[in-house]
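Colleague: Below you'll find the structure I mean.
The values are calculated or read from the model by the stated rules, or taken from the named source; none is laboratory data. Computed from a predicted structure; not experimentally measured. Ideal geometry is used to build each Cβ from the backbone, glycine not excepted, and the neighbour counts take in all protein chains shown.
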Amino acid sequence: MLQKIIKSTVLLALIFIVKAGAQSSPSPITIDPTIRIIQPITIEKVPDKDLHFGKFAAYVSTEGTIVLSPAGERTPSEGIELLGGSTVGAAQFIVRGLEASPFSLDLPLSTTVVNQTYGTDEMTVTNFTTDLSGFTIGTGGTTTFNVGATLNKGVNDRRGTYIGSFSLTVNYE
C-alpha cells in the first residue's frame, strides 16, 4: 500500500513537472503609443469689464435684488431704485485654447461683496449666468463671453461702495 502511494506521488510530480516545462514562453507584443500635446486652455478677464451693478437707492431697512443680465441690463426688485451716472455692465472674459475644442465652465454659486466704508456690511451675489450658447473654443482659438449675476441687498446694508471678487474655471472636455 505504501508503495502505491509513493508511485502515485512520483507519477503526479512527474506530470506536474512535464506540464510546467511544456508551457510556452510569452510572445513579445509591440505597442505604438501616440501622444498629442495641445495648447493649454486659459481664461482671462477683459480689462475694465468687471461686474458693475451701478448706483441704486434703497432704504436701509429694504431688502431687494438687482438682476444684471450678461447683456448688461439691470432689473430691480420692488424697493430698489436704479440711478444713472455710474458704470453698469456685465463682466467679460476670453477663453483661449485649441480651436473647435469643447470646454466646461464652472461659475461660482455665490460670492460676498463688502462695504468699503463700514467694513462689516456685506451683500451676496448669486445666480451667475453667461451668454455662452455653446461651450466650444471659436475660430482663432478664442471665445469671448459675458457674465451677469444677481445682487442681494439685505436689511441694514448701508450706503457705500461694495467690493468683492469671484473666480471662474475652464477645462477641456
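Colleague: Looking for something of a type in the set (D, E) and more than 17 Å from the chain's Cα centre (by Cα) - is there at least one such residue anywhere in the stretch 96-111?
Modeller: Yes, the stretch 96-111 has at least one match.
Colleague: Mind checking which residues of the stretch 124-149 are surrounded by fewer than 19 Cβ atoms within 10 Å (Cβ to Cβ) and touching a strand residue (DSSP E or B) at 6+ places or on another chain (Cβ under 7 Å)?
Modeller: T124, T126, N127, T129, T130, D131, L132, F135, T136, G141, T142, T144
Colleague: Checking T9 against (1) over 58 Å from the mean Cα position of the chain (by Cα); (2) polar (S, T, N, Q); (3) at pLDDT 85 or above: exactly one of these is not met. Which one?
Modeller: Evaluating T9 over (1) over 58 Å from the mean Cα position of the chain (by Cα); (2) polar (S, T, N, Q); (3) at pLDDT 85 or above leaves (3) as the failure.
Colleague: Can I ask one more? Please work out which residue is nearest to L98 (Cα to Cα), limiting yourself to the stretch 114-145 and to residues that are touching a residue at least 40 places away in the same chain (Cβ under 8 Å) and part of a loop (DSSP other than H, G, I, E, B).
Modeller: I137
Colleague: Same structure again: If you scan the stretch 40-98, which residues turn out to be in contact with a Phe, Trp or Tyr (Cβ under 8 Å, 6 or more places away or on another chain), within 14 Å of L151 (Cα to Cα) and of a type in the set (G, A, S)?
Modeller: Hit for the stretch 40-98 is G79, nothing else.
Colleague: A further question follows. Being surrounded by 14 or more Cβ atoms within 10 Å (Cβ to Cβ), over 30 Å from the mean Cα position of the chain (by Cα), among the small types (G, A, S) and over 18 Å from T130 (Cα atoms) is true for just one of G79, G64, G84, G54. Which residue is that?
Modeller: Testing whether each residue is surrounded by 14 or more Cβ atoms within 10 Å (Cβ to Cβ), over 30 Å from the mean Cα position of the chain (by Cα), among the small types (G, A, S) and over 18 Å from T130 (Cα atoms) leaves just G79.
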